[in-house]
Amino acid sequence: MLKTSIHGAWSSRAMFVLATVGAAVGLGNIWRFPYLTGEYGGSAFILVYLICLFFIGMPIMMAEIMLGRRGRQSPANTMYTLAIEAGRSSHWKYLGWMGMIAGLLILSYYSVIAGEVMAYIFRAASGAFTHQTSSGIRSIYSDFVSSPENLLAWHTIFIVVTMIVVARGVHEGLEKTLRIVTPLFFILLLILVGYGMQSKGFSEAVTFLFRPDFQKLIYVVNDSGVRELTAKPILVAMGHSFFTLSLGMGAIMAYGAYLGREVSISHATLAVVVMDTLVALLAGLAIFPIVFSNQLDPASGPGLIFQTLPIAFGGMAGGVFFGSLFFILLFLAAWSSAIALVEPTVAWMVESRRVTRVKATVWIGIIVWLLGIASIFSATGTTLRDILLIFMHGLDLDTIGLRQKFFSQTFFEVVDFATTNIMLPLGGMLMAIFVGWVMHRESVRAEINVRHGDLCTLWMSILKYVSPLAVLIIFLSAVGLLGNV
Ligand code: PHE
């Protein structure tokens, strides 16, 4: 086994935790978690998400870090090396490949949202939110997203700044920035929660977030107003627990590859999961009081944070300052996550294609930038059907099935669903199976380095049976019960 990775190593355990928290905490916590919670009815959704986070996500995160540290290469090559070490098929490398593809697809829309965040730094700084009503704030948002050239410009800027950091190697820029950003981010979130606590919607928000209503978890009301059984909220909660921890696609494996042998993987993992959960819950506590005080719709989708938080900034003393600072921090959080989304692919290109880090980053930047254009049109409401129509002009739509529900979704919706709810849990499940069933016990024990033998056995049994089965059951029930929801 390699002693160190050719890409470098973290300077300390604290740095690894900080970088992994940086990868984990991002738009997933502040943008995605609140809007999903709103869409899927609140507390029961949160409960399932927390269960998945601690019982499925955490053990898999330990496994993913362990795999990286043992393989010391990009995920595809790590999987290849470890499979050969265990005397198994080299096809396991495709697990790394699936992760790389998922990472680039996620980044293609992540960058569009991060671009919106960057634009909002300037909106906030210019005082655009001051004393605005909630409908004023909403129209600022809808004006913004209905202009593709605006979105494209910000998407381009975000891709460029991300690629600059990745091209230089993660350590220098990232280590220094994260040291300041992470604590500052917490403080600002607490200020926003403080604002929420004074608003009249606070108790309603707490009930919405923390008093479980299981009906909302298993039923949906369909278009004709009839209640139907569904497994979608559970699938989405599981998918989000993978997304928010950056799990199942190799980012954590890549970061694990740069980790020293002496570091305790279990402690580091616990720290990351707790921090990530805290940020998400604080974001919920900051956003939902504003939703309820202003009679906004909790289920208003991906635009939720852009339509709520500016109301708080517009109404509070020092709102221009706090508002700009908040969006700056959110941008930095998105930035540190975006870096983790491309690191596996860049590392792979450097190892296997023998190109320089800079060249690898440029290529990947171009691919992600192009993919992102499809997400930009999603923000303006363009569906898959509209896109296909451009290419298939003149064909009879009904005969080729273009009227199906699938085609009425946007590119963003389809890619987000396929990557987060399918590819990431599938990737995580295969990693659990690999560690539980494929690797030799002794290699796993030697690498994971857990001092209590019992804990290690428990963890291995979870990976062997609980995590794969849980993911499988959720997948199967989703296939059976998703129906036409
Ligand atoms: N965890 C990040 C977030 O919550 C997103 C991410 C997913 C980053 C997968 C890297 C890999 O925003």
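The values are calculated or read from the model by the stated rules, or taken from the named source; none is laboratory data. All values reported here derive from a predicted model rather than from experimental measurement. Here the Cβ positions follow ideal geometry from the backbone for every residue, glycine too, while neighbour counts run over all protein chains shown. Heads up: the accessible areas ignore ligands, DNA and RNA and are worked out on the full protein's heavy atoms, side chains in. Shrake-Rupley method; radii C 1.70, N 1.55, O 1.52, S 1.80 Å.
Pairs are defined by a Cβ separation below 9 Å, a sequence spacing of at least 6 or placement on different chains, a first member in the stretch 181-205 that is basic (Lys, Arg), and a second member that is not in a loop (DSSP other than H, G, I, E, B); the pairs so defined are 200/289; 200/292; 200/293.
Residues of the stretch 123-141 that are more than 15 Å from residue 301 (Cα to Cα), in contact (Cβ under 8 Å) with a residue 24 or more places away in the chain, assigned to a helix (DSSP H, G or I) and not charged (D, E, K, R): 124, 125, 134, 137, 140.
Every test in (1) part of a helix (DSSP H, G or I); (2) in contact with a helix residue (DSSP H, G or I) (Cβ under 6 Å, 6 or more places away or on another chain); (3) open to solvent by 20 Å² or more (accessible area, probe 1.4 Å) is passed by residue 101 save one, and that test is (2). Taking residues in the stretch 244-255 that are aromatic (Phe, Trp, Tyr), and partners anywhere that are open to solvent by 10 Å² or more (accessible area, probe 1.4 Å) and within 6 Å of the ligand (Cβ to nearest atom), the pairs with Cβ atoms closer than 9 Å and at least 6 places apart or on different chains are 255/246. Comparison of 325, 370, 330, 341 shows that the only residue that is assigned to a helix (DSSP H, G or I) and surrounded by fewer than 16 Cβ atoms within 10 Å (Cβ to Cβ) is 370.
Here residue 6 fulfils each of the conditions (1) surrounded by 22 or more Cβ atoms within 10 Å (Cβ to Cβ); (2) over 30 Å from residue 229 (Cα atoms); (3) more than 14 Å from the ligand (Cβ to nearest atom) apart from (1). On inspection, residue 80 does not qualify as crowded, with 24+ Cβ neighbours inside 10 Å and modelled with pLDDT of 95 or more. Name the residues in the stretch 1-25 that are in a loop (DSSP other than H, G, I, E, B), farther than 23 Å from residue 349 by Cβ and in contact with a helix residue (DSSP H, G or I) (Cβ under 6 Å, 6 or more places away or on another chain), would you? 25, the sole residue that qualifies.
Taken over the stretch 231-248, the criterion of being closer than 26 Å to residue 444 by Cβ, open to solvent by less than 10 Å² (accessible area, probe 1.4 Å) and near the ligand (Cβ under 10 Å from one of its atoms) is satisfied by 242, 244, 245, 247, 248.
Comparison of 471, 414, 444 shows that the only residue that is open to solvent by 10 Å² or more (accessible area, probe 1.4 Å), out of contact with any Asp or Glu (no Cβ under 7 Å at 6 or more places or on another chain) and in a helix (DSSP H, G or I) is 414.
Name the pairs whose Cβ atoms lie under 7 Å apart, with the first residue in the stretch 257-281 and part of a loop (DSSP other than H, G, I, E, B), the second crowded, with 23+ Cβ neighbours inside 10 Å and modelled with pLDDT of 90 or more, and 6 or more positions between them or separate chains? From residues that are part of a loop (DSSP other than H, G, I, E, B), the pairs are 257/68; 257/69; 257/71; 257/73; 257/78; 259/65; 259/69.
Could you check, for the stretch 295-303, whether at least one of its residues is assigned to a helix (DSSP H, G or I), more than 16 Å from the ligand (Cβ to nearest atom), more than 13 Å from residue 201 (Cβ to Cβ) and not aliphatic (A, V, I, L, M)? Yes, that holds for at least one residue.
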